[in-house]
Each structure stands twice: as structure tokens, then as C-alpha cells.
1. Kindly indicate whether Ala219 is in a helix (DSSP H, G or I), at pLDDT below 85 and touching a Phe, Trp or Tyr at 6+ places or on another chain (Cβ under 7 Å).
2. Only residues that are at pLDDT below 80 and of a type in the set (Val, Ile, Thr): list them for segment 21-67, please.
3. Can Ala152 be described as touching a Lys or Arg at 6+ places or on another chain (Cβ under 6 Å), assigned to a loop (DSSP other than H, G, I, E, B), closer than 26 Å to Ala307 by Cβ and in contact (Cβ under 8 Å) with a residue 24 or more places away in the chain?
4. Assuming Pro289 fulfils every condition listed in (1) at pLDDT below 95; (2) in the same structural domain as Asp172 (by TED's automatic domain parsing); (3) within 16 Å of Phe125 (Cβ to Cβ) apart from one, which condition is it?
5. Just checking, does segment 189-212 include any residue being without any contact (Cβ under 8 Å) to a residue 24 or more places away in the chain, under 24 Å from Pro295 (Cβ atoms) and not hydroxyl-bearing (Ser, Thr, Tyr)?
6. Of all residues in segment 68-119, which are modelled with pLDDT of 80 or more and within 25 Å of the chain's Cα centre (by Cα)?
7. Would you confirm whether or not segment 62-79 contains a residue that is assigned to a strand (DSSP E or B), surrounded by fewer than 18 Cβ atoms within 10 Å (Cβ to Cβ) and of a type in the set (Ser, Thr, Tyr)?
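The values are calculated or read from the model by the stated rules, or taken from the named source; none is laboratory data. Every value quoted in this text rests on a predicted model; they were computed, and no experiment measured them. Here the Cβ positions follow ideal geometry from the backbone for every residue, glycine too, while neighbour counts run over all protein chains shown.
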Amino acid sequence: MHLMAERGVPLEERQKALLGGLSDWDAARIFLEVVRCGSFRSAAERLSLSINAVRRKIDDFERQIGATLFTRDVHGTRLTDEGAMVVSAVERMEAATFDVLRASDTLAGTSGEVRVAVTEGLGTFWLAPRLVEFQQSYPNILVDLHCAMRSADVSRHEADVAIHLSRPSALDIKLVRLGRMHLMFWAAERYIQKHGAPRTAHELIKHRLVLQFADQIAAKETFESFFPGVAERDLLVMKTNVSSANYWAVANGAGIGVFPSYAIALGGKLIPLEVALNRPLDIWLSYHPGSGRIPRVRHMIDWLIEAFNPARFPWFKDEFVHPREFKEVYMGEPLTQLFGGFSTEER
């Protein structure tokens with residue numbers, strides 16, 4: 001393969017020669033995932049496969065191509081020159097495949113499926129209870145709501161529309177800033193009756209916390225920034241990676257938790273604490289330009305923009321609005337009806 005490059009064969013011809021024997025597109029997809037993740041282990045976790053399954057697919061792919069695509073050592077995987085050529089060729093084929101899918105979706109009109117990826121907490125407590133509005137307007141559209149802590153990449157067709165709590169870095173996507181989430185410390189009435197309500201960060205250290213963590217490294221950094229010099233074991237009574245488990249533990253009095261300011265409307269008798277957190281998170285919506293031209297996806301995009309409209313829902317404004325002010329500034333349906341009747345009393 002190196003001889004072809006030395007003879008001045010154009011890059012496109014070298015790529016065609018490498019891909020001439022390609023017959024397994026699943027292997028090509030896994031190859032791209034290994035490249036993007038940087039290791040077999042990370043790719044296996046992202047694809048929900050075993051490491052051995054990923055390695056077998058890469059070995060098969062290399063046999064099909066007739067070239068070594070990775071070098072492997074104690075430091076991880078590195079692309080060979082042939083591997084780099086295959087990456088750009090397969091990425092173009094992947095993009096062309098996505099264009100075909102989007103074109104066929106456009107012809108389907110306002111019926112079919114729309115895949116919405118959202119962070120787990122927003123999906124569970126904000127969007128899911130409100131999707132009945134969308135379904136009533138578009139009964140022929142099936143909504144596939146995927147709630148997970150990992151952001152979906154709409155440029156790779158992982159979702160039609162995605163909602164993030166940090167700005168995506170991809171260049172070939174459309175972005176809409178929906179609003180801002182304001183986080184606060186909360187506790188249940190029964191916890192406060194038994195342990196009291198802390199009013200300062202110093203007082204908070206004397207209490208017990210229930211926190212949601214998605215990534216252990218990021219979680220450690222976040223905890224240390226909140227509580228410098230304090231060990232997790234001295235403060236945490238529970239940690240979980242699921243927002244619903246986190247919410248119900250706090251609502252039932254297990255400890256103090258961190259939730260968005262709209263948590264007061266969830267019906268679990270949570271009380272906002274006066275301990276300042278000052279950790280606003282911008283909420284972003286992303287979609288591929290081609291997907292935005294599909295009627296059913298366009299309807300979903302427009303509905304999502306309205307579902308986070310700060311003019312309707314003051315808790316998504318850039319400036320912080322305290323929950324005690326919601327009744328004065330919120331003009332919509334009663335807060336207790338916003339979330340489909342969540343209540344600890346029903347459990």
C-alpha cells in the first residue's frame with residue numbers, strides 16, 4: 001500500500017483500492033467508532049459490545065481491506081497511514097448514507113418516527129410529562145424519547161433532535177439556545193423537620209447529601225469544586241446515576257439534593273434551601289440541517305423550542321427566578337398540573 005503512495009497515485013484512487021473488497025458495513029461502522037473513541041474499550045462501551053467483539057470486527061475489517069489499520073501498544077491504538085485514508089473514505093460513505101435516510105424521511109411527511117435525545121433529568125421530569133401536547137397535535141408521529149447522560153451526535157444520525165446541557169462542538173449542525181437551567185439545593189419537609197435547614201455552605205457540610213453522578217471523574221471534580229477539602233464519605237449518604245432515583249430519595253427525606261429551580265412543581269413536597277449554588281447551565285438544541293427539512297422533525301423542533309420558552313416558563317430565563325416568585329410571574333396552567341401529578345403521596 002505504501003508503494004501506491006510513493007508512485008503518486010491520487011488519494012481518491014488509493015482509497016478506492018483499499019475499500020475495493022469491503023462487504024461488511026457493520027465492521028466499517030465499528031471501525032469509525034474505535035477511531036472516534038480512541039480505544040477499543042471506549043468504543044465497546046459506547047456500542048454496548050464486548051471488547052472481544054469489537055476486536056474481532058476490526059480484525060475482520062482489516063482482512064477485508066487487506067491492510068493494517070491500527071497499531072496497538074500499551075499506550076492504546078494508533079491509526080496507520082492506510083487507516084487514516086480509510087477513515088476519510090468511510091466517513092464520506094457514512095455521510096452519504098445519512099443523506100439518503102434523510103431524503104427518504106422527507107418523503108414520509110408528517111407521519112413516522114422522530115428520535116429525540118435528551119439529558120436524563122430533563123427527559124424524565126420536564127419533557128416526558130409534556131409530550132402529550134405534541135401527540136395531541138401530531139397523532140401520526142411516533143416519538144422515540146431517549147433519555148441518557150451522554151449527549152447524542154445528530155451529525156452521525158444518532159438522533160433527529162438532541163438537547164444538551166453544554167454547547168455541542170460539531171460544525172455541521174444547527175444549534176438553538178433554548179434557555180438556562182438554574183440549579184439549587186433542596187430538601188424534603190420531613191428531612192428539615194428532623195435535621196433543620198442549612199442556610200450557608202458551612203452549615204451544609206454538617207448535613208447529608210444525595211447526589212446524581214454520571215461520570216466518576218467529572219463527579220469527583222464537581223464535588224471537590226463544591227466542597228473543597230471535604231471527603232465524599234463524610235458528606236454523601238447516597239449517589240446514583242439516575243435522576244428519578246435521586247429525586248425520590250431526596251423527596252422521601254434521605255438527604256439534601258441538587259435539582260433545577262422548577263423542582264418545586266414536581267409535587268414531592270421539596271423545599272428550596274437558601275444555600276447559594278450559582279451553577280446555571282445553558283440548554284442547547286441541535287439538529288442536522290437536512291433533518292430540519294423533514295416535516296415531522298421540523299414540528300418537533302418547533303414544539304421543543306416552545307416547551308423551553310422562557311417567556312412561558314420563567315425558570316428557564318437567563319436570570320435566576322426564585323421558586324417562591326413563580327406564582328407571581330408564571331401565567332400558565334397551575335404548577336401542580338404541569339408534571340402529570342408527580343407526588344410522593346401516591347407512592
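1. Working: in a helix (DSSP H, G or I): yes; at pLDDT below 85: yes; touching a Phe, Trp or Tyr at 6+ places or on another chain (Cβ under 7 Å): yes.
So Ala219 passes the test.
2. Matches in segment 21-67: none.
3. Numbers: touching a Lys or Arg at 6+ places or on another chain (Cβ under 6 Å): no; assigned to a loop (DSSP other than H, G, I, E, B): yes; closer than 26 Å to Ala307 by Cβ: yes; in contact (Cβ under 8 Å) with a residue 24 or more places away in the chain: yes.
Spelling it out, it is not the case that Ala152 is touching a Lys or Arg at 6+ places or on another chain (Cβ under 6 Å), assigned to a loop (DSSP other than H, G, I, E, B), closer than 26 Å to Ala307 by Cβ and in contact (Cβ under 8 Å) with a residue 24 or more places away in the chain.
4. The one condition Pro289 does not meet is (3).
5. Taking segment 189-212 first, the residues without any contact (Cβ under 8 Å) to a residue 24 or more places away in the chain are 193, 195-196, 202, 206.
Right, trim to under 24 Å from Pro295 (Cβ atoms) and you get none.
No, the conditions are met nowhere in segment 189-212.
6. Selection gives Gly112, Glu113, Val114, Arg115, Val116, Ala117, Val118, Thr119.
7. yes
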